[in-house]
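Encoded as structure tokens, the structure appears first; notes follow it.
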Amino acid sequence: MRMLNLALQGGGSHGAFTWGVLDALLEDGRIVPEGISGTSAGAVNAVALASGWAKAEAAGRDPREGAREKLAGIWHRVSAMGSLGTLQQQFTRMLWGGLPPELSPGAFIGNAWRGLLSPYQANPLDINPLRGMLEEEIDFQAIAAHATLKVFVSATHVTTGKAVVFSGSRLDARAVLASACLPLLFQAVQIDGEPYWDGGYSVNPALSPLIRECRSSDVMLVQINPLERSKTPKTSAEILDRINELTFNASLLTQMRAIDFVNRLLAEGAISHERCKSVRLHRIEGGPALEAYPPSSKTSADGVMISRLFDAGRAAGKEWLDLQFAALGERGTVDIGRDYLDDTQLELPHPSSLAVSIGRGFRPWLARWLRLQRG
């Protein structure tokens, strides 16, 4: 058995690809999840897996099968909602942030958006189809009570813009609703008197809890938001879609830079392994399977699309297991420098000069600075 931490991106209905990946990993039987971090749709997948795992284990059943069943139940319920009548379909689109025609990308040209109703006006009852599904399907007490499986759900604090991670007893339906709260559709989710929006604005997903709170150094990122697009967007819809992709990937790039920096410090001997640990990063991404669907399809609850994305995720998960499973516990399988770094990366000093630059060089500088402050 190999321990593995899971980092699950948000991406609306494209999260069905993540469902497929998780189903393949669970079916394989050689992996035990230690930590799961998710944002938005990734948060829904995270709590579904954890709830199914914890309840099945408590009942003396195979926890992997319990997790697979719960994930399937959640996504089949989403698909069923999408096959209902027009009104139900509109609410289902809201489940993943689907915009009605008056809020379509074209409506945001110029200052037209200024005349649109806010969710406090257009949705005064704060109707959210995700709320009932979470309350009925997910056992948050079982998740919190589990001795080894750790779940982290991230949301964005509206007032400060900072990422906030909910886990343990603080992880409940409101936290997942906050993680998936798009501010043009839903009122900010209030938790302990504080307002929260979608976690993708600040972190998508949060990697630091997996590194800080979990023993395993292996982190599997299930990435469903593409970093690259071969074509330059030209229509208003394409431009808005790409802006959203860049926005929701920005925090991931920042976290990757931090991981690469610490990994290089450790490799060069500049810091000790007693204080930090090297991260072995792995990734399963949608690739061509997701490129076939425009970003706007993230708001669709079409059962055929969800089924195809699930199949694509299973195929990607099985392929990774066939090719890379042996790397778990040994090495990372992602070239962070090639895939995630840019011109803002920091150059490391040579280990032999690091002590000089931080030791003898830093103290005189600090003394001069203190003298200047005293005037």
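The values are calculated or read from the model by the stated rules, or taken from the named source; none is laboratory data. These numbers come from a predicted model, not from an experiment. Here the Cβ is made from the backbone with ideal geometry for all residues, glycine too, and neighbour counts use every protein chain on show. Ligands, DNA and RNA are stripped out before the accessible areas are found, and what is left, the full protein with its side chains, is counted by its heavy atoms. Shrake-Rupley method; radii C 1.70, N 1.55, O 1.52, S 1.80 Å.
So the values come out like this:
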read-out	value
Candidate set: the range 318-339, residues that are touching a residue at least 12 places away in the same chain (Cβ under 8 Å) and open to solvent by 80 Å² or more (accessible area, probe 1.4 Å); chosen: the one nearest to ASP28 (Cα to Cα)	LYS318
Residue match in the range 170-177 (condition: at pLDDT below 95 and open to solvent by 20 Å² or more (accessible area, probe 1.4 Å))	no
Condition check for VAL262: open to solvent by 10 Å² or more (accessible area, probe 1.4 Å), farther than 21 Å from ASP23 by Cβ, of a type outside the set (S, T, N, Q) and more than 21 Å from the chain's Cα centre (by Cα)	yes
Test: residue in the range 34-48 that is open to solvent by 10 Å² or more (accessible area, probe 1.4 Å), modelled with pLDDT under 95 and of a type in the set (Ser, Thr, Tyr)	yes
Subset of the range 235-268 [more than 18 Å from LEU210 (Cβ to Cβ), among the small types (Gly, Ala, Ser) and at pLDDT 80 or above]	SER236, ALA250, ALA267
